[in-house]
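Accompanying notes for the structure given below.
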Amino acid sequence: MRRLWTPAWIARHVAMVVLVVGFLGLGWWQISRAAAGNSLSWGYAVEWPIFAGFVVYVWWREVKLALRRAAEADAPPAESAVEPAPTVTIGSRPAVRRPVRVSRVPVTGEGGEDTDLAAYNRYLSWLNANPGARPGDYPG
């Protein structure tokens, strides 16, 4: 239980209380508006308590998780809980998959050069030489 009284947990407890009280207060405010004739406020009057319940649910789940982690940390390690490392046989898949490295062969034309790439490079050189030109002005 001492783990739930650290500064971080005290901040969480305070945040939970502030949020729940605020959400319930907003729900009560929406009920008073709905009673005054604002029919849309009936929907909000239902939503705010649901939000408050969600905050309590998340807070309770985090408390249980922290207590479970504390119990697991304090418990001595059991010998039967440790599983032996799996044996690797020939033809079995490795536990960690590594990326496959593939060498890329460049696509070449008849002259040993990619003609589309060469044409595109000529086009880029022309655009660089003529900064005010539009793509439709390219002579090639």
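No value in this document is a laboratory result; all are computed from the given coordinates. Values in this document were obtained by computation on a predicted structure and should not be read as measured data. Reconstructed Cβ throughout: ideal geometry from the backbone, glycine too, with neighbour counts over all protein chains shown.
Some points to look at:
- Put in order of Cβ neighbour count within 10 Å, fewest first, the listed residues Arg104, Arg69 become Arg104, Arg69.
- Within the shell of other residues whose beta carbon sits under 15 angstrom from the beta carbon of Arg3, the net charge comes to +2, with Lys and Arg scored +1 and Asp and Glu -1.
- Cα-projected label distance for Arg2 with Arg68, points at 7 Å along beta-carbon direction, nm: 2.4 nm
- Between Trp60 and Tyr138, the simple spin-label model (points 7 angstrom out along Cα→Cβ) gives 6.7 nm.
- Gyration tensor over alpha-carbon atoms, region 2-74, equivalent ellipsoid semi-axes in Å: 35, 11, 5
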